[in-house]
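**Student:** Quick one: the structure is below, and I'll ask about it shortly.
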Amino acid sequence: MLLLLMVAAAAAATLRLCPLARAQPLCRTHTVRTGKVFHTRQRIQGDRLYFSSMTTRLIKHPCKKNVALYLGRQVFLTTDNFESSLLPFSIPTSMQVGTPKVTSAHFAGPVLLLVLNQKVYIYDYEVNSWNASVGIKHPVSHLSGDNCCYSGHPSCTDISNSVFAYLHGDQVSEANIYFSDSCGYTFQKFAYERQAELAGSLGGVFYFHSLSQVGLLLIDQGKAMFCYSDHPVNHSFGLPFDYNGTLDILITPGQKGILIFWFEKSLLVSWNAGQLVDPVEVKEGRQIVYSSLSEAKVTIHTVAANENELAVLTQENHLYYGNLGVLSRSLVKFADQNIWSQEAALMFTNVGMLEILTPLPDSVFLAFDFQKCPVNIQAILMDPKLQVDVCKVELLQGEFENKMYTIDMNSALELTALMIPRPGMSPVPLVMVSNPHSLGLQAVIYEDGYTYDGNTKHRLNISLMQQHHWGRADPNFTSSIRRPTMSTITVDIANKEISCVDLKPLTALVSVGCDLEKKIVIQNEITACYNGILDPVALQDNYSYVIERWRGGKFKEVVEAEYVLLEVNGLFTYTYSLTAGTAFCTAQPQNWTTILEHAGDKGLFAWDRENYVSCHTDDNKAPLRWPDVPYQILGGPTDNKVVFDQRNGMYIFFLSIVDPHYSYCRLETSFSVYVYGAFPMSVIPQESTVFLLTGAILLTVWLAYFLPKLLSTEKGLRLKGFWVRLYGRCRQSCACWQGRR
């Protein structure tokens, strides 16, 4: 049974290059040549693009595996992984780019962004259309961004849509940085806090989604370091590292925070979004030959990487390969073969499959062919001459692999993984999160039976929760709870052998933010009244509404967070049972009047978790000047209630949960209340009504007693005769009037 489990947030170790001998050829070349059976006249429409660097780059779309861009003396865009001859990439002359020199390129979701002549242009390769970006007012030279391939979740889409544009080498304090959340179609000026205080030149701007931080690379006197935008890592810089030459920075796919820095004489790697950056060591066998690649006296021509693998091609015809696993970072140098040329580029076509690509001009046709030299990494590593240890693990799997999850406030996520080691081996699994400031974890491993051939199965149970709610970390370590964040969770094997080509780390992206499947439902609740226990008077005081939370159509909990109500038709014939004073507010509470004054076009949606400030916390600095005003917040620590006026009719309420510590979502709903049985308000004051009614009753009692006595006296008889005669005359008058008719 495995008793040791290492859990790490992020680790940085030294990458090692291991030169080993090999006689067998690395690969056999073949040429891709299509569409050239008949001699047809071809023309290149527009200005032909070219790359500014003397070395080549090959940029693959992380999500669309067949889409790639080759950058060299010619530029090629493919949608079939270079399986057909291609014309050099060009831009229409109508775009008026001037010098068509490409200094930077980036795939942003469904489009390709290019920096040409210090301006950004957009090419939609699906509909073959060009556009110029809007909003950039200063020269730019570089683009940076990332792509999320997990799902159509809005947080994932936001990653792909986010792009930075900047001028490399500008003084940081005065640099003009632009940001786009629309795949580069429109940019706006990006305001970086404390930018004016920073010294040095700008080496890059990056959105590290694995850490939920914007990082600026500062270069000063041959040293470079990252600074970050948000708490808690904004209070310090990343560790400085040597910066010689102009480093090209590659963000590997998968949002794991792995960065590769390289130029012709240097190769550096960071596994934690630039907080630690280490040089690559050269190792022969178990001995370190060089402490950095620059000491090896090689000239790097190009670099390729995918989620878990890295390859380096040098001008000396050296090819290096390694995995990007945790604590097992060694590169193997394959045997030398005549594979380098000025136009050669590297790309991974699949796990363990590397391809050396070289464009070939045609003396007859304008379209270029492509020479491909595929390298089967697994087959090469099986050669006993390389003395590569066998992989200690037969299986590592989990249902969460390559998926995206959401953890809202006060929520948790449970994941499981299965590991089956080789017989007699004791590999150590590691569970890591890229953003420990936001996401906390707990992992337990245990034996879970045996395979058919007798191997022990090990089950790994992983519990994930927002770091703030674990209660284990200092507040100075955790991210702000009010800010949505992201983190990647990775399950890997410590010191994994380089032969474990097919044993990929298990990776999932976790969004600590709004759970879109969550909603609230209003239900009325009449407890004992249904059973006839309470009388009608008590019924009036016992009727209440309960706010319930639903996820995926299933009841989760009764919401007890703070919320606000507003009648949508403008009726204000209701008030609240508590005032600011009786609610024990220490500051003046917010109310709908002040909120709507600054609502603009938001209307009902103006009061939410983003702008709510509780009157019971020290964050609210407004002094309590009017303690007798109604307290308009319900739920939470108070027992506040809505009190209706004496009015029959329908009320339609808009409800918004404003507690910022309950959910990252804007939880809102509408519901109606019908009030009936309320007596109309009296026009006459209540005191006058009681006085008159009492007087009338007393007068009636007095007359009932006095009149019989009065009729028995002489005066009473005369009065009685008067009324008899008056009655007789009235009858005669009525008879005469009827006769005339």
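The values are calculated or read from the model by the stated rules, or taken from the named source; none is laboratory data. The structure displayed is predicted, hence computed values, not measured ones. No Cβ is skipped: glycine too gets one built from the backbone with ideal geometry, and neighbour counts run over all protein chains shown. Note: accessible area is taken over every heavy atom of the protein model, side chains too, but ligands, DNA and RNA are not part of it. Shrake-Rupley method; radii C 1.70, N 1.55, O 1.52, S 1.80 Å.
**Student:** Along each principal axis of its Cα atoms, how long is segment 116-170 end to end? Whole angstroms, biggest number first, please.
**Tutor:** The Cα atoms of segment 116-170 stretch 35, 29, 15 Å along the principal axes, largest first.
**Student:** How long, wide and thick is the chain, going by the Cα atoms along their three principal axes, in whole angstroms, largest first?
**Tutor:** 152, 69, 54
**Student:** By a straight-distance test (C-alpha under 14 Å), which aspartates and glutamates pair with Lys403 as possible cross-link partners, with residues fewer than eight away in the same chain excluded?
**Tutor:** Output for Lys403: Glu414.
**Student:** Follow-up. Note the direction-averaged projected area, equal to a quarter of the hull surface, for the Cα convex hull of segment 52-138, in nm².
**Tutor:** For the Cα atoms of segment 52-138, the hull's average projected area reads 6.1 nm².
**Student:** At q = 0.17 Å⁻¹, what base-10 log of I(q)/I(0) does the Debye formula yield for segment 168-234 when every alpha carbon is treated as an equal point scatterer in vacuo?
**Tutor:** The calculated log intensity ratios at q = 0.17 Å⁻¹ are -0.61.
**Student:** Quick check for you: with a 1.4 Å probe and neighbouring chains kept, what is the accessible area per residue of segment 285-342, in Å²?
**Tutor:** Solvent-accessible surface per residue comes out at 36 Å².
**Student:** Kirkwood hydrodynamic radius for segment 280-394: how many Å is it when counted over pairs of different Cα atoms?
**Tutor:** Computed over segment 280-394, the radius equals 15.6 Å.
**Student:** Between Arg459 and Ser733, what is the label-to-label distance in nm when each label sits 7 Å out along the Cα-to-Cβ direction?
**Tutor:** About 10.7 nm, to one decimal.
**Student:** Considering only Met425, Met95, Ser294, whose Cα is most displaced toward the positive end of the charge dipole of the chain, charges sitting on Cβ of Lys, Arg (+1) and Asp, Glu (-1)?
**Tutor:** Farthest along the dipole direction, towards plus: Met95.
**Student:** With N residues in segment 547-621, what two-decimal value do you get for its Cα radius of gyration over 2.2 N^0.38 Å?
**Tutor:** That ratio works out to 1.30.
**Student:** Pop the C-beta distance of Ser291 and Glu560 into the FRET formula with R0 = 60 Å and round what comes out to the nearest 0.05.
**Tutor:** 0.50
**Student:** Also, quick follow-up: Treating each Cα of segment 413-493 as an identical point scatterer and ignoring solvent, apply the Debye formula and state log10 I(q)/I(0) at q = 0.20, 0.22 Å⁻¹.
**Tutor:** Log10 I(q)/I(0), no solvent term: -0.87, -0.98.
**Student:** Test of understanding: extend the Cα→C-beta vector of Thr99 to 7 Å, then name every residue of segment 131-161 with backbone N under 11 Å from that spot.
**Tutor:** Nothing falls inside the zone, counting backbone N under 11 Å.
**Student:** A further question on this structure: When we measure straight from the Cα of Lys101, which lysines land under 18 angstrom away, once same-chain ones fewer than 8 places off are left out?
**Tutor:** The qualifying lysines are Lys119.
**Student:** Helix-only mean residue ellipticity at 222 nm, the chain, DSSP H runs n ≥ 4 weighted -39,500 (n - 2.57), per residue, nearest 500. What is it?
**Tutor:** Taking each H run of at least 4 residues, the total per residue is -3500 deg cm²/dmol.
**Student:** Could you calculate the contour length gain from Thr700 to Gln42, that is, 0.36 nm times the residue separation minus the distance between their Cα atoms, to one decimal place in nm?
**Tutor:** The Thr700-Gln42 span can extend by a further 225.2 nm.
**Student:** Would you report the distance distribution of C-alpha pairs in segment 218-360 as whole percents per 10 angstrom bin, up to the bin with the largest distance?
**Tutor:** Spelled out bin by bin, segment 218-360 gives 11, 40, 35, 12, 2, 0 percent.
**Student:** Cα atoms only, segment 361-450: Rg and Dmax in Å?
**Tutor:** My reading of the Cα-based Rg and Dmax gives 22.2, 67 Å.
**Student:** Of the cross-linked pairs Lys65/Lys189; Lys189/Lys602; Lys256/Lys385; Lys621/Lys641; Lys256/Lys333; Lys65/Lys385, which ones have a Cα-Cα span greater than 28 Å in the structure shown?
**Tutor:** Lys65/Lys189; Lys256/Lys385; Lys65/Lys385
**Student:** Over the chain, what percent of the accessible surface lies on carbon and sulfur atoms, probe 1.4 Å?
**Tutor:** Ligands and nucleic acids excluded, carbon and sulfur reach 54 percent.
**Student:** To continue, here is another question. For Ser84 and Asp158, FRET efficiency with R0 = 35 Å and r from the beta-carbon atoms, rounded to 0.05?
**Tutor:** Computed FRET efficiency for Asp158 and Ser84 comes out at 0.55.
**Student:** May I pose another question? What FRET efficiency would be calculated for the residue pair Ala473, Met353, taking the C-beta separation as r and a Förster radius of 60 Å, to the nearest 0.05?
**Tutor:** That pair, Ala473 with Met353, gives E of 0.90.
**Student:** Then there is this: Using a 1.4 angstrom probe, figure out how much accessible area segment 571-679 has per residue, in square angstrom, rounded to the nearest whole.
**Tutor:** It amounts to 55 Å² per residue over segment 571-679.
**Student:** So if I place +1 on the C-beta of Lys and Arg and -1 on the C-beta of Asp and Glu, and nothing else carries charge, what would the dipole magnitude of the chain be about its Cα centre? I want it in debye, nearest 20.
**Tutor:** Computed charge dipole of the chain: roughly 2620 debye.
**Student:** Enumerate the helices in the chain for which the Kyte-Doolittle hydropathy averages -1.0 or more and the C-alpha atoms extend at least 30 Å along the helix's axis, using complete DSSP H runs.
**Tutor:** 686-711, 714-740
**Student:** Which aspartates and glutamates, if any, have their Cα less than 16 Å from the Cα of Lys496, not counting same-chain residues under 8 positions apart?
**Tutor:** The qualifying aspartates and glutamates are Glu307, Glu309, Asp389, Glu394.
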